[in-house]
Amino acid sequence: MAELFKRTYTRRDLAAHTGQLSQFAGVRLMTLGDGVERGVRLLEFRTGSGLRFTVLIDRAMDIADCEHNGRAVGWHSPSGFRHPGLHEYEGEGGLGWFRSFSGLMVTCGLDHILFMDEDDADHYVYGPRKSVKSSLHGRVGTIPARLTGYGERWEGDVCTLWAEGVVQQSTVFGEDLHLIRRIEATVGSDEIRLHDRVVNHGFYRTPHMYCYHINVGHPVLAEGSRYVAPVRDVIWASHAGDDYRKQAVGYRRLPAPKMNFHEQVWQHDMQTDADGRVNVALVNEAIGFGFEVEVLKSQFPAMYEWQNLQAGHYALGIEPSSNHVFGKPFAKARDELIWLEHGDERRYGSVFRILPDDRAVADAVARIEAVAVQPAEDYPAQSGHFPPIGGR
């Protein structure tokens, strides 16, 4: 059954009320036509509940716009949804990635995440390639996908909107990693479901790292909004030491936009529920609105909180990751770097959930706090204890 307009519809009921489902919900292929976004293909999803979001086919099938009943959820940065042909991956000493950084979700990987790195390339068995240089957060987020399908699928009276594509991060004498991404949303729902497979299509033993940079903007993020998560330990903060309280922003409660704010990043260790899931939310209780991310800790053992509260850049990032915040050198030293042989794959399944009203916000907070009550202080001490990757 589809829950729409405060009533329940069968498939027959919906067909009787319109000539096409697209009057209420659907997936539509479009192309952006101006400025730095010109030529970018996207899919617009509308579930009929008020949830609308767009998928950038030409940027790794990442999620750009996201709104509910006209209220924004996803972050738009000054960079815009830049065409990948304009991207300079190795520009600005590896920080050129920021010039294409915008949207609700930006995928990081497939062989590198976090800050710049230069890694030995012996595993590619090619003399002239002595090393692999990686810029911030990897290459995948600006690679166009090959769209393999999209549309509507009915199973009885339940209709699923879907899209699927393949993103290939490939080179000669190097990695040949494929991201097969499927995005789904049920008609009448407030959820986005993400199903990813990362496969080594090549025949070199290849490293794999993966992270979602999920960026929530105003009005979910606002003065007084709360970060709610089953935090059992605060492991690390980028601004620890003398600067820990300097900007007067703790990890739990968010301020209004600030001038000259320097980003703050935290890594938290999360308690799972009985099914191994981790749920993290940003909630604005003043207006009864929020956003929740659900992942499996077995797939994303690390979780970062990114605070970019600078005026004009105002965003809060929820970042599930395959590895700890110190990146590839740290992972290699601890023997935690994922290596994929030919045909090996890693799977990732996630849910992004809109919390559209007071009741949904309260229910999400109660669910999360039932798993673990996060530290009450705004500036908890960091343990410096990085659990072994793969542990619960």
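The values are calculated or read from the model by the stated rules, or taken from the named source; none is laboratory data. Computed from a prediction, not measured in an experiment: that's the story for all the values here. Glycine gets a Cβ as well: all are built from the backbone with ideal geometry, and neighbour counts include every protein chain shown. Side chains are part of the model used for accessible areas, which takes the heavy atoms of the whole protein and leaves out ligands, DNA and RNA. Shrake-Rupley method; radii C 1.70, N 1.55, O 1.52, S 1.80 Å.
Name the pairs whose Cβ atoms lie under 8 Å apart, with the first residue in the stretch 369-386 and in contact (Cβ under 8 Å) with a residue 12 or more places away in the chain, the second of a type in the set (G, A, S) and open to solvent by less than 60 Å² (accessible area, probe 1.4 Å), and 6 or more positions between them or separate chains?
Q374/A229; E377/G250; D378/G250; Y379/G250; Q382/A237; Q382/A240
Considering only the stretch 128-223, give the strands (runs of 3 or more DSSP E) lying wholly within it that have at least 1 residues that are open to solvent by less than 10 Å² (accessible area, probe 1.4 Å) and not hydroxyl-bearing (S, T, Y). Show your work before the answer.
Numbers: elements: 131-134, 146-155, 158-170, 176-186, 191-200, 206-208, 211-216.
Counting at least 1 such residues, we get 158-170, 176-186, 191-200, 206-208, 211-216.
Tally the residues that are in contact with a Ser or Thr (Cβ under 9 Å, 6 or more places away or on another chain) and either polar (S, T, N, Q) or closer than 14 Å to I183 by Cα (or both), restricting the search to the stretch 140-154.
Residues in the stretch 140-154 being in contact with a Ser or Thr (Cβ under 9 Å, 6 or more places away or on another chain) and either polar (S, T, N, Q) or closer than 14 Å to I183 by Cα (or both): 3 in total.
Mind checking whether some residue in the stretch 250-266 is surrounded by 15 or more Cβ atoms within 10 Å (Cβ to Cβ), in contact with a Leu (Cβ under 8 Å, 6 or more places away or on another chain) and hydroxyl-bearing (S, T, Y)?
No, that holds for no residue.
Only residues that are of a type in the set (A, V, I, L, M, F, W, C) and either within 16 Å of L177 (Cβ to Cβ) or loosely packed, with under 15 Cβ neighbours inside 10 Å (or both): list them for the stretch 316-340, please. Give the derivation first.
Filtering the stretch 316-340 for residues of a type in the set (A, V, I, L, M, F, W, C) gives 316, 318, 325-326, 330-331, 333, 337-340.
Passing the criteria: A333, L337, I338, W339, L340.
What tally of residues in the stretch 224-238 results from selecting those that are open to solvent by less than 20 Å² (accessible area, probe 1.4 Å) and either of a type outside the set (A, V, I, L, M, F, W, C) or part of a strand (DSSP E or B) (or both)? Explain how you work it out, then say what you get.
Step one: of the stretch 224-238, the residues open to solvent by less than 20 Å² (accessible area, probe 1.4 Å) are 225, 227-231, 234-235, 237.
Going one step further and asking which of them are either of a type outside the set (A, V, I, L, M, F, W, C) or part of a strand (DSSP E or B) (or both), we end up with 225, 227-228, 230-231, 234-235, 237.
Residues flagged as open to solvent by less than 20 Å² (accessible area, probe 1.4 Å) and either of a type outside the set (A, V, I, L, M, F, W, C) or part of a strand (DSSP E or B) (or both) within the stretch 224-238 amount to 8.
Which residue out of V373, V280 is of a type in the set (V, I, T), within 30 Å of D242 (Cβ to Cβ) and open to solvent by 10 Å² or more (accessible area, probe 1.4 Å)? Step through it out loud before you land on a result.
Values: V280 fails: open to solvent by 10 Å² or more (accessible area, probe 1.4 Å).
Matching residue, one of V373, V280: V373.
Sort out which residues of the stretch 111-121 are in a strand (DSSP E or B) and in contact (Cβ under 8 Å) with a residue 40 or more places away in the chain, and write them in order of number. Don't jump to the end; show me each part of the working.
Let us first name the residues in the stretch 111-121 that are in a strand (DSSP E or B), namely 117-120.
Within the stretch 111-121, D117, D119 qualify.
Can you find, within the stretch 10-25, the residue that is nearest to the chain's Cα centre (by Cα) among those that are among the aliphatic types (A, V, I, L, M) and either surrounded by fewer than 17 Cβ atoms within 10 Å (Cβ to Cβ) or more than 18 Å from L161 (Cα to Cα) (or both)?
So the first thing to find is which residues in the stretch 10-25 are among the aliphatic types (A, V, I, L, M), and the list is 14-16, 21, 25.
Subset that is either surrounded by fewer than 17 Cβ atoms within 10 Å (Cβ to Cβ) or more than 18 Å from L161 (Cα to Cα) (or both): 15-16.
On the way: A15: 35, A16: 38 Å.
Among those that are among the aliphatic types (A, V, I, L, M) and either surrounded by fewer than 17 Cβ atoms within 10 Å (Cβ to Cβ) or more than 18 Å from L161 (Cα to Cα) (or both), it is A15.
So is G343 at positive phi, more than 14 Å from the chain's Cα centre (by Cα) and loosely packed, with under 15 Cβ neighbours inside 10 Å or not? Walk me through it before giving the result.
Numbers: at positive phi: yes; more than 14 Å from the chain's Cα centre (by Cα): yes; loosely packed, with under 15 Cβ neighbours inside 10 Å: yes.
In short, yes.
Six or more apart or on different chains, Cβ under 6 Å: which pairs go from a residue in the stretch 199-227 that's under 21 Å from D378 (Cβ atoms) and in contact (Cβ under 8 Å) with a residue 12 or more places away in the chain to one that's surrounded by fewer than 24 Cβ atoms within 10 Å (Cβ to Cβ) and of a type in the set (K, R)? Could you list them?
Between residues of the stretch 199-227 that are under 21 Å from D378 (Cβ atoms) and in contact (Cβ under 8 Å) with a residue 12 or more places away in the chain and residues that are surrounded by fewer than 24 Cβ atoms within 10 Å (Cβ to Cβ) and of a type in the set (K, R), the close pairs are R226/R253; Y227/R252.
Considering the stretch 283-297 alone, what residues qualify as being more than 16 Å from the chain's Cα centre (by Cα) and surrounded by fewer than 19 Cβ atoms within 10 Å (Cβ to Cβ)?
Listed by number, the residues that qualify are E285, A286, I287, G288.
Take E191 and decide whether it is more than 15 Å from the chain's Cα centre (by Cα) and of a type in the set (D, E, K, R).
Numbers: more than 15 Å from the chain's Cα centre (by Cα): no; of a type in the set (D, E, K, R): yes.
Spelling it out, it is not the case that E191 is more than 15 Å from the chain's Cα centre (by Cα) and of a type in the set (D, E, K, R).
Which one is farthest from E67 (Cα to Cα), of the residues in the stretch 298-307 that are surrounded by fewer than 20 Cβ atoms within 10 Å (Cβ to Cβ) and of a type in the set (S, T, N, Q)? Even if it seems obvious, please write down each step before you answer.
To start, the set of residues in the stretch 298-307 that are surrounded by fewer than 20 Cβ atoms within 10 Å (Cβ to Cβ) comprises 298-299, 306.
Among the residues that remain, those that are also of a type in the set (S, T, N, Q) are: 298-299.
Working: S298: 29, Q299: 27 Å.
Filtering the stretch 298-307 for residues that are surrounded by fewer than 20 Cβ atoms within 10 Å (Cβ to Cβ) and of a type in the set (S, T, N, Q), the one farthest from E67 (Cα to Cα) comes out as S298.
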